[in-house]
Amino acid sequence: MEKEDAALKNYVYVPGLSEVVEDERKKEPSRTEDDKFITATGAAKKVVTTHDNGIVRNKKVDDRSFRIPVWEKYALTIKEAAEYYNIAETRLRDFVMSNRTKPFVLKAGGRLLVKRKVFEAFLDQNNMI
């Protein structure tokens, strides 16, 4: 019983992955085809290039997000909506700000999002924004 308890202390639970911590720490971070690293804990990190006052820097950041195609999202940011509907970003931002009470606007804290399907129905009915 004590051996099992001691053995369980060496395990870390990661959804979909359960390995011995010591073995995992011995491994070097593995590099995948699109500049991602898998760390000892199983978290994915990617290399990001930043420009800071003319200096190019590379750093590893967490990549815990996953990409959802824009046409499958429920709500879009102003930038995504402007690109998706081919409308100038400043024009769309001004339009959304002036129509905050319309059903296609979603307030997420201080952020305004555009409900994709409702906005498409609005665009179908109106030929000007």
Scan of segment 83-120 for residues that are without any contact (Cβ under 8 Å) to a residue 12 or more places away in the chain and more than 16 Å from Lys73 (Cβ to Cβ), ordered by number: Asn86, Ala88, Glu89, Thr90, Asp94, Ser98, Asn99, Thr101, Lys107, Gly109, Gly110
Single match in Ala108, Ala88 (criterion: over 15 Å from Ile129 (Cα atoms) and exposed (fewer than 14 other Cβ atoms within 10 Å of the Cβ)): Ala108
Enumeration of residues in segment 34-75 that are modelled with pLDDT of 60 or more, of a type in the set (D, E, K, R) and part of a strand (DSSP E or B): Lys45, Lys46, Asp52, Arg57, Lys59, Lys60, Asp62
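The values are calculated or read from the model by the stated rules, or taken from the named source; none is laboratory data. Everything numeric in this text was worked out from a predicted model, so none of it was measured. As a convention, Cβ positions derive from the backbone with ideal geometry for all residues, glycine included, and neighbour counts pool all protein chains shown.
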